[in-house]
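Trainee: Below is a structure I'd like to ask you about.
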Amino acid sequence: MTTSVLVLNGPNLNLLGLREPAIYGSDTLGDVEKLCRATAAPLGLDIDFRQSNHEGVLVDAVQEARTAHRGIVINPAGYSHTSVALRDALAAVGLPVVEVHLSNIHRREPFRHHSYVSAVADTVICGAGAHGYALAVTHLARLLDHAQESA
Ligand SMILES: O=C(O)[C@]1(O)C[C@H](CCCOc2ccccc2)[C@@H](O)[C@H](O)C1
């Protein structure tokens, strides 16, 4: 049975590669999607790759993942620092969660140092650029394998 995971991207990540390359790199979100799929395939994972600028759409995607997917990789983007609703949705669905940030949020403006999502994530990866997504997919596969072993 193929294992499906959700890779969810928050607001403004659709601008990736087009603006602020010094901070977020020159890869586009499409490049990141390709990297996620190339990483996932040999691990037996299918990817549902999404991006939204709307908090409620992201909450709906997390809720849908409860029955549609086995785990979540999420870059909540700006909602990392503001959204109790997104944090609560992730806590509610009870799936393994890997939070990823392209930049090292702890070396940026103070308002970016706290993420509500981190408190409900199994793992947080930040500062590795687009490679962080490959790390996140790989680590989520390990978390799921471990879950299978203990099941
Ligand atoms: O480093 C990350 O991945 C962030 O999640 C990116 C967010 C920003 C999303 C991308 O925004 C862009 C804005 C302009 C050009 C390209 C991307 C930022 O608000 C977080 O603090 C850290």
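Trainee: How many nm separate the modelled label positions at Leu18 and Asp122, each set 7 Å beyond the Cα in the direction of the Cβ?
Mentor: That separation, rounded to one decimal, is 3.4 nm.
Trainee: Using a 1.4 Å probe over the heavy atoms of the protein chains, calculate the carbon and sulfur portion of the accessible area of region 14-68 as a whole percent.
Mentor: Here it works out to 50 percent.
Trainee: Give me Rg/Rg_expected for the chain, where Rg uses Cα atoms only and Rg_expected = 2.2 N^0.38 Å with N residues.
Mentor: So the Cα radius of gyration is 0.96 times the expected 2.2 N^0.38 Å.
Trainee: By per-residue mean of other Cβ atoms within 10 Å, what is the highest-first order of 121-132, 20-31?
Mentor: 121-132, 20-31
Trainee: Out of residues 5 or more away from Phe49 or on other chains, whose amide H comes under 5 Å of its own, with H placed 1.01 Å from N in the peptide plane?
Mentor: Here the answer is Val7, since their amide H atoms fall under 5 Å of that of Phe49.
Trainee: Between region 50-106 and region 1-17, what is the separation of their alpha carbon centroids in Å?
Mentor: 10 Å
Trainee: Okay, next question. In whole Å and largest first, what semi-axes does the C-alpha gyration tensor of region 50-108 yield when each eigenvalue is scaled by 5 and square-rooted?
Mentor: 20, 13, 10
Trainee: From the protein chains alone at 1.4 Å, what is the descending order of accessible area for His81, His113, largest first?
Mentor: His113, His81
Trainee: Which of the trypsin sites (Lys or Arg not before Pro) found in region 49-151 are in a DSSP loop and have at most 15 neighbouring Cβ atoms, other than their own, within 10 Å?
Mentor: Arg108
The values are calculated or read from the model by the stated rules, or taken from the named source; none is laboratory data. Predicted model, so just to flag it, every value in this text is computed and none were measured. Every residue, glycine among them, receives a Cβ derived from its backbone with ideal geometry; neighbour counts consider all protein chains shown. All accessible areas refer to the heavy atoms of the entire protein, side chains included, with ligands and DNA or RNA removed. Shrake-Rupley method; radii C 1.70, N 1.55, O 1.52, S 1.80 Å.
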